[in-house]
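Notes follow once the structure below has been shown.
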Amino acid sequence: MKLRSLLFVPGDRPERFPKAVATGADALILDLEDSVVPERKPEARAAVRAWIEAPREDGPAVFVRVNPIDSDEVAADLEALAGLSLDGVVLPKAEGAESVAMLLDRLPGDYLVLPVASETPAAVFQLGTFAGVAGRLAGVTWGAEDLPASIGAATAREDDGSYTDPYRVVRALTLFGAHAAGVPAIETVFPDFRNLDALAAYAARGQRDGFTGMLAIHPTQVSVINDAFTPSEAEIAHAKAVIAAFDANPGAGALQLDGKMIDAPHLKSARRLLALVG
């Protein structure tokens, strides 16, 4: 499953579902949590179920974000999803592999889970546990909004939009936790959806650092994110050249390519890049 861009859509706005499909997002996340006020959650559940059940042409993967596993709302969410043909469930405020296992126990089926893995202080200390449920994960993502609120911090960001030190740490731990589990690392949202230049720079940094996709909160963000997480023709050509060089020199530990030394980590990166493009 290719997951460069994952677009949130409020579950109580079904008129937006077809428009979201048309954005080119790799996945839609139909939301039953934060974007839906409590009194509209029953309406949202009904709308999400009806849309997923209706016949439609092939399109993006479909995920549903439920409410936290320890909330009063999650039982009704899971009842609404029972038996549906969807690709996965986004679990907010996940606290490590145990939270994922609890969700899977309550929602029978072959669904994948995308945990939002850093939204509580306790969750930060569980970011290395996801290998235990890796076979049921679509990836691991993080959030920089709920965590500062939960500890009374004023913000997670500096005036220039960059993260303050505590949240740089959380981002890095999420990145390494996902890769330790062998699943995609999904970058968090960029809230300033009107600033596409800043989004492009943010997404490019995520791709540089090892994230393989990113959450989107507005349709205009999708194409920018897709571009950032799609390897360029030059990158693909270089990766093929690295692999070809080692294929032509079996047993070599290090080689020269275009005047630079390449070794085993370069070969691993090249194979990973080509796997991303299929």
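Descriptive notes on the structure:
- Efficiency of FRET between Ala22 and Met1 - r from beta-carbon atoms, R0 22 angstrom, step 0.05: 0.65
- Measuring r between the beta carbons of Ala234 and Met102 and using R0 = 51 Å, the FRET efficiency lands at 0.70.
- Translational D in µm²/s for segment 69-124 (Stokes-Einstein at 4 °C, 1.567 mPa s, Kirkwood Rh from C-alpha pairs): 112
- Label-to-label distance for Ala204 and Ala254 is 3.1 nm, based on points extended 7 Å past Cα in the beta-carbon direction.
- With 0.36 nm allotted per residue and the present C-alpha distance subtracted, the Glu15-Glu57 stretch has 13.4 nm of extension available.
- Annotation for Ala153 and Met261: the two label points, set 7 Å from Cα along the Cα-Cβ direction, are 3.9 nm apart.
- Efficiency of FRET between Ile243 and Phe193 - r from beta-carbon atoms, R0 30 angstrom, step 0.05: 0.20
- Modelled spin labels at Ser71 and Glu43, positioned 7 Å past Cα toward Cβ, are 1.7 nm from each other.
- The stretch between Val169 and Ala275 holds 35.4 nm of extra length on full extension. This uses 0.36 nm per residue minus the Cα-Cα distance.
Any read-out appearing in this document is the output of simple, stated calculations on the displayed coordinates, not a laboratory observation. Since this is a predicted model, take the numbers as computed values, not measurements. A quick note on method: Cβ atoms are made from the backbone with ideal geometry, for glycine too, and the neighbour counts reach across all protein chains shown.
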